[in-house]
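Take a look at the structure set out below.
The values are calculated or read from the model by the stated rules, or taken from the named source; none is laboratory data. Because the structure is a prediction, the values reported are computed rather than measured. With ideal geometry, Cβ positions are generated from the backbone for all residues, glycine too; neighbour counts draw on all protein chains shown. All accessible areas refer to the heavy atoms of the entire protein, side chains included, with ligands and DNA or RNA removed. Shrake-Rupley method; radii C 1.70, N 1.55, O 1.52, S 1.80 Å.
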Amino acid sequence: MIGFIITWLVAAISLLITAYVVPGIYVAGFSSAALAAILMGLINAIVKPILVLLTLPLTILTLGLFLLVINGITLALVGYLTPGFDVNGFLPAIIGAIVLSLVSSVIGHLVKEGTNA
């Protein structure tokens, strides 16, 4: 249970940092980021596998680069569904997805090292 809460907090903080770094992504506050993190987890668990399966030939053709587009689509969908979290355009969604994955990886790695010490 504690691991789930830590993962959720890491995702929410990563969304806040991504919104600060990427122009075109706006988060009203931590509560919006926390709700967006929950919705992102649900969308990544339900919608993303369906999109990956439907676009598998295109993903293979582009050597996996189309997965960046799918990540951008899921981020834009979270922005559409979450009040206080806006993604203004397709390019900010793709760039935001890249930055979000990098930021959450770094923060997750730092948190993992901090809990092992």
*Would region 46-64 turn up any residue that is open to solvent by less than 40 Å² (accessible area, probe 1.4 Å), of a type outside the set (S, T, N, Q) and touching a strand residue (DSSP E or B) at 6+ places or on another chain (Cβ under 8 Å)?*
no
*Applying the selection to region 65-93, what residues are open to solvent by 60 Å² or more (accessible area, probe 1.4 Å) and more than 16 Å from Ile25 (Cα to Cα)?*
Leu65, Leu67, Leu68
*Can you tell me how many residues in region 1-45 are β-branched (Val, Ile, Thr) and either under 18 Å from Tyr80 (Cα atoms) or open to solvent by less than 50 Å² (accessible area, probe 1.4 Å) (or both)?*
7
